[in-house]
Each structure stands twice: as C-alpha cells, then as structure tokens.
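A.B. asks: For reference, the structure I am asking about is given below.
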Amino acid sequence: LAILATNIRIDLQNISLNTMKKTFALSLFLVFFFCCLFSVGYAQRVSFKGEAIGISALSVNTGMHLSAGDMKTRFGNSSSVGINFNRKMANNWVYGFDLNYHFGNNINESNILDSIRNSKGHILTDGGYAGDVRLFQRGLSTFLKVGKLFPIIGPNQNSGILITTGIGFLQHKIQIEVIENNIPELTDDYKKGYDRLSNGLAFNEFIGYWHMSNQKTFNFYVGAEFTQAYTQSRRSYDYFTQSQDLQKRNDYLIGLKFGLIVPL
C-alpha cells in the first residue's frame with residue numbers, strides 16, 4: 001500500500017497543466033451537454049405558461065468582462081465560465097449562489113519577471129538557453145445573491161426582467177507557465193513570489209432577461225453584470241518589488257453573461 005500510494009503521488013505530480021485544462025474543458029462540455037439534454041426532457045412534463053410558479057434551477061453560464069479600476073492596471077479583458085443555482089419563488093423573488101472561473105491572456109503587468117531576465121531579455125533554463133515562459137490571468141469568484149423578477153416582458157409570468165445583487169469573494173493571480181518546466185527560478189515555490197495572488201470581499205449586480213419558454217424547450221438568461229471587489233495581495237513577499245505588497249485594491253469587472261437554465 002505504501003508503494004502504491006507513492007506511485008500514485010508521483011503520477012499526480014507528473015500530470016501536465018495542459019492535461020488538467022483539457023480535463024476541465026471536457027468536464028464543462030459534458031455538464032453543459034447533459035444539462036441541455038435534461039432540460040429538453042424535463043420540459044416536456046413541466047409548463048411555465050400561465051401564472052408564476054416556484055422554480056428551482058441549475059444554470060451553466062459563460063461571460064465576457066472588461067476590467068476597470070486597479071484591475072485594469074493588471075489585466076485586460078477576460079472571460080468566465082461558471083455554474084449557479086437559483087430558486088425563483090411564486091411571488092417572483094429570486095435567491096441563489098454561483099461559482100465562476102475567470103481566465104484571460106491579457107497581462108498588463110508583464111514586467112514582473114524582469115529581475116531574472118538577462119541583458120538580452122531572456123530567462124535562461126537550467127541548460128543555459130532561452131526558456132519559454134507564458135503569463136495568463138486566472139481567478140475565481142463566488143456570490144450569494146437575492147433579487148426580483150419583473151414579468152413585464154416575455155411569454156409568461158415566469159419570464160421577465162431579472163435584477164439581483166450579491167455579496168461574496170473574488171480572487172485573481174498571474175498564472176506563470178514554464179514550458180518544459182526547466183527554469184530553476186520559476187519552480188512552483190518560487191512562482192508564488194511573482195504571481196501577485198490577491199483576493200477579498202466583493203459585491204455583484206446583475207440586470208438582464210430571464211426566459212422560461214412556453215414551448216418548454218429552451219430556457220435561458222442574458223444580461224449585464226457588474227462586480228466590485230476590495231482585494232489585497234496574499235503573498236508575504238514580491239520578488240519584483242523586493243517588498244511586501246500592502247496596497248488596498250479596488251478591482252472592478254463589467255461584463256455580459258449568458259446562462260442556460262435547467263429546471264430542477
């Protein structure tokens with residue numbers, strides 16, 4: 001058992017980041033596919049036409065976001081994928097929670113590794129040649145939400161303008177990927193001195209359209225989302241500035257979000 005546990009631990013350590021990304025993408029696709037399939041099958045037995053009813057729903061969503069405030073000095077535009085649960089009451093009050101994964105390729109603070117570059121701007125590998133280092137935005141957010149559905153437009157009393165507000169948590173960092181993992185200064189422990197991991201309390205607002213189809217085949221929501229987060233660095237030392245980052249950050253996101261609703 002000890003030998004088996006050791007082998008499993010070694011195998012897990014050898015799983016590449018690309019493999020993890022592909023697994024995450026495949027899992028998300030399968031969840032989305034089965035949600036679509038279940039939504040169509042379930043909707044054959046449930047009607048949303050008529051008076052407002054209580055509905056519990058699971059959603060898979062995707063979004064595009066513009067950065068503002070201190071967030072803009074670090075990152076450019078980004079995207080997100082996530083899941084959320086909502087309970088719409090018969091009186092059209094709505095409450096729920098969501099979990100989102102944020103990602104992007106636009107890094108404005110791309111100078112964080114300048115201290116380990118040579119005179120030609122290269123970061124050398126353990127073999128003495130120029131290494132391949134790539135920077136990405138990664139993060140997550142989660143919120144508890146409450147709001148109201150106003151059935152002033154749409155095919156029935158269970159559709160309309162949805163307005164919610166929420167409180168939760170936002171985290172982001174600069175993901176440092178070393179191709180071939182052959183740069184001593186950027187092993188996993190040392191990356192923490194450059195990645196500028198930050199998190200903190202966040203607030204969220206959403207206004208958009210919530211649709212429950214009379215035809216019982218396609219239920220969705222789409223709208224604008226706004227996030228204000230009050231974060232700070234969670235690393236004890238920054239190698240680039242050679243000091244601890246004590247700045248209080250005001251990070252803002254302005255986005256457009258679309259979600260597929262699966263009634264439960």
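A.B. asks: State whether the residues of segment 208-230 include one that is farther than 30 Å from Pro263 by Cα, part of a strand (DSSP E or B) and in contact with a Leu (Cβ under 9 Å, 6 or more places away or on another chain).
C.D. replies: So far as segment 208-230 goes, yes, one or more of its residues are farther than 30 Å from Pro263 by Cα, part of a strand (DSSP E or B) and in contact with a Leu (Cβ under 9 Å, 6 or more places away or on another chain).
A.B. asks: I would also like to ask the following. Tell me, please, whether a residue that is in a loop (DSSP other than H, G, I, E, B) and touching a residue at least 24 places away in the same chain (Cβ under 8 Å) can be found in segment 143-153.
C.D. replies: Checked segment 143-153: at least one residue is in a loop (DSSP other than H, G, I, E, B) and touching a residue at least 24 places away in the same chain (Cβ under 8 Å).
A.B. asks: Given (1) more than 16 Å from the chain's Cα centre (by Cα); (2) buried (at least 16 other Cβ atoms within 10 Å of the Cβ), identify the lone condition not met by Arg234.
C.D. replies: Failing condition for Arg234: (2).
A.B. asks: Note down all Cβ pairs under 7 Å where the first residue falls in segment 66-86 and is under 16 Å from Phe220 (Cβ atoms) and in contact (Cβ under 8 Å) with a residue 12 or more places away in the chain, the second is part of a helix (DSSP H, G or I) and open to solvent by 10 Å² or more (accessible area, probe 1.4 Å), and they're at least six residues apart or on different chains.
C.D. replies: Partner pairs satisfying both residue conditions: Val81/Leu28.
A.B. asks: Looking only at segment 201-216, decide whether some residue is surrounded by fewer than 19 Cβ atoms within 10 Å (Cβ to Cβ), among the charged types (D, E, K, R), at pLDDT below 95 and over 17 Å from His102 (Cβ atoms).
C.D. replies: Yes, segment 201-216 has at least one match.
A.B. asks: Please specify each residue of segment 143-170 satisfying the condition of being open to solvent by less than 50 Å² (accessible area, probe 1.4 Å), among the polar types (S, T, N, Q) and under 21 Å from Asn100 (Cβ atoms).
C.D. replies: Result: Thr164, single match.
The values are calculated or read from the model by the stated rules, or taken from the named source; none is laboratory data. Predicted model only: the values in this text are computed from it and were never measured. FYI the Cβ positions are ideal-geometry reconstructions off the backbone, even for glycines, and counts take in every protein chain you see. Each accessible area value is taken on the protein alone, full model and side chains, heavy atoms only, with ligands, DNA and RNA left out. Shrake-Rupley method; radii C 1.70, N 1.55, O 1.52, S 1.80 Å.
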